[in-house]
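The next block holds one structure in the form of structure tokens; read it before the comments.
The values are calculated or read from the model by the stated rules, or taken from the named source; none is laboratory data. What you are looking at is a predicted structure, and each value in this text was computed from that prediction instead of being measured. Because the Cβ atoms are built from the backbone with ideal geometry, glycine has one as well, and the counts that use them run over all protein chains shown.
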């Protein structure tokens, strides 16, 4: 075939294939046009999953009568004029392909009226052909009807799914758009039944109401609000606590200058921030907004504009990682989140106040001091916590007053697994193994960032039989093991000897600890790979150094662990993302026993 010019109708069909994949694609383009027009309210009506009818109404600026025919022509737009404006584009759309592409595969009607116009105007386009505009009664703004999608391309219509599936895509899309613009009211109706009705949300409290409507109340209860600005970058939004993880990435909303994107750089930065607080295979939940100068991001890299390219990607990655890592690091029992302001509240160890949350606003009320063991009151006294040391008999409590720390004071141990404590709000339950694992892990990381994990020689070196491959690995990585606090030598072809272990893990089973570390080494394969996966190796160490179930603790030991938790970053969850503690407030306990009824 010789080179030839394609006919205009075929060009429109090719363009439509890039822009219009399914009914949800049409809704996306039309709603984004409404947002660009300055709409304060957008109404979406859908019938039969959008296959029969899609109608989008807005109260925006409207389209000038003389421009209505141009609106249905390819590469005609009011949003950019030259290359400089393209490099700084801040509108949702700018290519001028949406309306003509939609009109080429449907029966499209455009109605619009500007505020200073005496009447509205209507123009129809179907199969790529447009008519002259005619007068019509219409309020200020624009409405677009799209009927019989793919009526003239039956092969593409066969690829559409069921009505329920197609509408599900539309609903998910509108939720994503509604989260991007709190200043706009949205409504969605399907087959004349109202599905969504979201008023404008100009302040934080109303924005969080919209979050609850779209993402559910549990997300907000588990979310931290953050707001950070540096290097010309601003990040705001909500990031869920690691314990609110998902089996799939279905609750991840990230916006760049108001545009929803799926970007590998962003995803990697978020995963790094969560890397040691989530189970493998679990996904974090978040709704985040990144703002920066439009010239620093290229949005013209994908036909559907889902992907962007940052001009200084490394700085963006580091900024996202640091901000999220800091927010997640601040999640400990010594801090609480004021859901009215989204700010982290410091709860010092001398706090004698109970946080009572009513309607999202944290109030502070004074409580009576708690009676606790006299040993805790000695000046400068802090019991050393030894996970393997046999426990003496608990001492009796003395009647001395003090102020209540965030996790309160230990009352007892339940089944050798949980610590029961009382704080200003009620009853605190702590998973002692998970909590101590996090404390140990964070201390190991701090040591490693310094001069290396401190080690302690064993009085009697421990001989460990291993495979030849494991012996060779240990011999080749002796220096790395020393950095981790383990001194290991090779005695024979299949024998290793452990001469020293980390101080934090004194009393642990040295042979089993070495076997588990060798298993990690076999998986990672090389010294370089292990260094890049050191967090996982340290987690293995921390697990060995943590107290086990059925280990009886004294009150002093339990209180020492509670104080360690309050001082440790990310101590609200263990290394695998499980919660380390929870609280039953007095109001919840009263409900259990029907008090006050």
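Kindly indicate whether any position in region 554-564 is part of a loop (DSSP other than H, G, I, E, B) and either in contact with a helix residue (DSSP H, G or I) (Cβ under 7 Å, 6 or more places away or on another chain) or assigned by TED's automatic domain parsing to the domain that holds residue 241 (or both).
no
So that you can scan it fast, the table gives a plain yes or no per residue for (1) in contact with a helix residue (DSSP H, G or I) (Cβ under 7 Å, 6 or more places away or on another chain); (2) at pLDDT 90 or above; (3) surrounded by fewer than 14 Cβ atoms within 10 Å (Cβ to Cβ):
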{"residue": "62", "(1), (2), (3)": "no, yes, no"}
{"residue": "66", "(1), (2), (3)": "no, no, yes"}
{"residue": "71", "(1), (2), (3)": "yes, no, no"}
{"residue": "91", "(1), (2), (3)": "yes, no, no"}
{"residue": "96", "(1), (2), (3)": "no, no, no"}
{"residue": "108", "(1), (2), (3)": "yes, yes, no"}
{"residue": "120", "(1), (2), (3)": "no, yes, no"}
{"residue": "149", "(1), (2), (3)": "yes, yes, no"}
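Of all the residues that make up region 244-266, how many are more than 21 Å from residue 214 (Cβ to Cβ) and touching a residue at least 12 places away in the same chain (Cβ under 8 Å)?
Counting residues in region 244-266 that are more than 21 Å from residue 214 (Cβ to Cβ) and touching a residue at least 12 places away in the same chain (Cβ under 8 Å) gives 2.
Could you tell me how many of the residues in region 566-582 are out of contact with any helix residue (DSSP H, G or I) (no Cβ under 6 Å at 6 or more places or on another chain) and either surrounded by fewer than 17 Cβ atoms within 10 Å (Cβ to Cβ) or more than 14 Å from residue 425 (Cβ to Cβ) (or both)?
8
Just for region 35-48: of the residues that are in contact with a strand residue (DSSP E or B) (Cβ under 8 Å, 6 or more places away or on another chain) and under 25 Å from residue 165 (Cβ atoms), which one is surrounded by the most Cβ atoms within 10 Å (Cβ to Cβ)?
46
Which numbered condition trips up residue 5, out of (1) more than 34 Å from the chain's Cα centre (by Cα); (2) crowded, with 16+ Cβ neighbours inside 10 Å; (3) in a loop (DSSP other than H, G, I, E, B)?
The number of the failed condition is (2).
Search region 262-285 for residues being more than 12 Å from residue 328 (Cα to Cα), touching a strand residue (DSSP E or B) at 6+ places or on another chain (Cβ under 6 Å) and outside any helix (DSSP H, G or I), and hand back the single one that is modelled with the lowest pLDDT.
283
State which residue pairs qualify: first residue closer than 24 Å to residue 76 by Cβ and inside region 33-51, second residue assigned to a helix (DSSP H, G or I) in any location, beta carbons under 7 Å apart, and separation of 6 or more residues or different chains.
What qualifies is 33/98; 42/31; 42/34.
How about region 243-257: which of its residues are within 22 Å of residue 216 (Cα to Cα) and at pLDDT 90 or above?
Hits for region 243-257 are 251, 252, 253, 254, 255.
Restricting the search to region 125-147, which residues are at pLDDT below 90 and either outside the structural domain of residue 54 (by TED's automatic domain parsing) or surrounded by fewer than 20 Cβ atoms within 10 Å (Cβ to Cβ) (or both)?
Within region 125-147, 126, 127, 129, 131, 132 meet the criteria.
A quick yes/no check of all residues on (1) exposed (fewer than 15 other Cβ atoms within 10 Å of the Cβ); (2) outside the structural domain of residue 573 (by TED's automatic domain parsing); (3) within 13 Å of the chain's Cα centre (by Cα):
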residue: 211; (1), (2), (3): no, yes, no
residue: 227; (1), (2), (3): yes, yes, no
residue: 256; (1), (2), (3): no, yes, no
residue: 263; (1), (2), (3): no, yes, no
residue: 270; (1), (2), (3): no, yes, yes
residue: 281; (1), (2), (3): yes, yes, no
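Filter region 521-549 down to the residues that are part of a loop (DSSP other than H, G, I, E, B) and modelled with pLDDT under 75, then identify the one that is nearest to residue 467 (Cα to Cα).
525
Quick one: count up the residues across region 507-520 that are touching a helix residue (DSSP H, G or I) at 6+ places or on another chain (Cβ under 7 Å) and either at pLDDT below 85 or within 16 Å of residue 479 (Cα to Cα) (or both).
Total meeting the criteria: 5.
Look through region 404-413, keep the residues that are part of a loop (DSSP other than H, G, I, E, B) and in contact with a strand residue (DSSP E or B) (Cβ under 9 Å, 6 or more places away or on another chain), and return whichever of them is surrounded by the most Cβ atoms within 10 Å (Cβ to Cβ).
407
Please go through region 487-506 and give me each residue that is within 16 Å of residue 444 (Cα to Cα) and in a loop (DSSP other than H, G, I, E, B), ordered by number.
Within region 487-506, 506 is the sole residue that qualifies.
Specify the residue that is nearest to residue 464 (Cα to Cα); the eligible residues are those in region 491-515 that are surrounded by fewer than 16 Cβ atoms within 10 Å (Cβ to Cβ) and without any contact (Cβ under 8 Å) to a residue 40 or more places away in the chain.
My answer is 495.
Tell me which residues, restricted to region 177-194, are without any contact (Cβ under 8 Å) to a residue 40 or more places away in the chain and within 22 Å of the chain's Cα centre (by Cα).
178, 182
Restricting to region 416-461, count the residues that are without any contact (Cβ under 8 Å) to a residue 60 or more places away in the chain and within 22 Å of residue 589 (Cβ to Cβ).
Counting residues in region 416-461 that are without any contact (Cβ under 8 Å) to a residue 60 or more places away in the chain and within 22 Å of residue 589 (Cβ to Cβ) gives 3.
Just to confirm my filter: which strands (runs of 3 or more DSSP E) fall fully inside region 414-486 and include at least 3 residues that are over 37 Å from the mean Cα position of the chain (by Cα) and surrounded by 14 or more Cβ atoms within 10 Å (Cβ to Cβ)?
Counting at least 3 such residues, we get 455-465.
Of the conditions (1) under 36 Å from the mean Cα position of the chain (by Cα); (2) part of a helix (DSSP H, G or I); (3) farther than 18 Å from residue 172 by Cα, residue 38 clears all except one; give me its number.
(2)
Taking the conditions exactly as written (at pLDDT 85 or above, under 16 Å from residue 35 (Cβ atoms) and either in contact with a strand residue (DSSP E or B) (Cβ under 9 Å, 6 or more places away or on another chain) or not assigned by TED's automatic domain parsing to the domain that holds residue 18 (or both)), does residue 186 satisfy them or not?
Considered against the rule, which asks whether it is at pLDDT 85 or above, under 16 Å from residue 35 (Cβ atoms) and either in contact with a strand residue (DSSP E or B) (Cβ under 9 Å, 6 or more places away or on another chain) or not assigned by TED's automatic domain parsing to the domain that holds residue 18 (or both), residue 186 comes out as yes.
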